[in-house]
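So the structure is just underneath, and the comments pick up after that.
The values are calculated or read from the model by the stated rules, or taken from the named source; none is laboratory data. This is a predicted model, so every value here is computed, not measured. In this analysis, Cβ positions are derived from the backbone assuming ideal geometry, glycine residues included, and neighbour counts consider all displayed protein chains.
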Amino acid sequence: MGTIYQTIRRLTTGALPPGLLALAAGVGHAQFAQSPGPSHNFSMVEYFDAPFDQQIMTRMTSAEARPVAGSAGVLDIRQFKLESFSTNGRTEMVITAPQCLFSTVDNTANSAGPIRVESGDGQLSLAGDGFFWRQNEKYLSISNRVVTVISSNAPTLLNAQTQPTKKKP
């Protein structure tokens, strides 16, 4: 049985605050010890099993990850970005959201706010409000105001479709 390696890195200069995001080795998920302060430029990487164990399968990054008080293993993530890759290194999908809650216990993310999904080739784009992501199953559910564009210029069309309209005074 192959082991899935995950690493947590703090990309800003300086030392990691004691206990903020200490990784406990596990198969398929990471466990964290938390302190009250935020981590900036949070990153979590998951690798493929052998023989592709040097290739990144998914990379989750954020501008900030802050432990949620009173909840074990839940982080309030700002500027969430999840990238998935094929075994040849090509980007398959990119998911972005301004904010979400990420559970380090079961590797899930959710938010009532906006989400955007783009395929690596730019042929498929989705946007909506409210989502639930299960990392272990690679399952994504978008609940409200979903817009899907399948096209050679999908990102351009989606931007035009999802821009808010301004009311005239």
| Do we have Ala72 as among the aliphatic types (A, V, I, L, M), over 25 Å from Phe52 (Cβ atoms) and assigned to a strand (DSSP E or B) here? | no
| note | Within segment 103-137, restricting to residues that are under 22 Å from Asp53 (Cα atoms) and under 11 Å from the mean Cα position of the chain (by Cα), the one that is surrounded by the fewest Cβ atoms within 10 Å (Cβ to Cβ) is Arg134
| task | For Ser103, state whether it is under 20 Å from Arg134 (Cα atoms) and either modelled with pLDDT under 95 or out of contact with any helix residue (DSSP H, G or I) (no Cβ under 7 Å at 6 or more places or on another chain) (or both). | result | yes
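Please enumerate the residues belonging to segment 72-94 that are charged (D, E, K, R) and under 12 Å from Met60 (Cβ atoms). Give the derivation first.
Looking only at segment 72-94, we keep the residues that are charged (D, E, K, R), and these are 76, 78, 81, 83, 90, 92.
Across segment 72-94, the qualifying residues are Lys81, Glu83.
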| outside any strand (DSSP E or B), touching a Ser or Thr at 6+ places or on another chain (Cβ under 6 Å), farther than 19 Å from Ser62 by Cβ and at pLDDT 85 or above - does that describe any residue in segment 149-158? | no
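Among the residues of segment 104-124, write down those that are closer than 22 Å to Arg78 by Cβ and in a strand (DSSP E or B). First the steps, then the outcome.
Keep residues of segment 104-124 that are closer than 22 Å to Arg78 by Cβ, which gives 104-118.
Of everything in segment 104-124, those that are closer than 22 Å to Arg78 by Cβ and in a strand (DSSP E or B) turn out to be Thr108, Ala109, Asn110, Ser111, Ala112, Gly113, Pro114, Ile115, Arg116, Val117, Glu118.
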| Quick check: is even one residue across segment 91-102 in contact (Cβ under 8 Å) with a residue 60 or more places away in the chain and either more than 21 Å from Glu137 (Cα to Cα) or buried (at least 19 other Cβ atoms within 10 Å of the Cβ) (or both)? | no
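Yes/no matrix, rows are residues, columns are (1) of a type outside the set (D, E, K, R); (2) within 16 Å of Ile115 (Cβ to Cβ); (3) at pLDDT 95 or above:
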| residue | (1), (2), (3) |
| --- | --- |
| Gln54 | yes, no, no |
| Met57 | yes, no, no |
| Thr61 | yes, yes, no |
| Val68 | yes, no, no |
| Leu75 | yes, no, no |
| Gln79 | yes, yes, yes |
| Phe85 | yes, no, yes |
| Met93 | yes, yes, no |
| Ala97 | yes, yes, yes |
| message | Name the single residue that is surrounded by the fewest Cβ atoms within 10 Å (Cβ to Cβ) among those in segment 47-61 being in contact (Cβ under 8 Å) with a residue 24 or more places away in the chain and either in a strand (DSSP E or B) or small (Gly, Ala, Ser) (or both). | response | Ala50
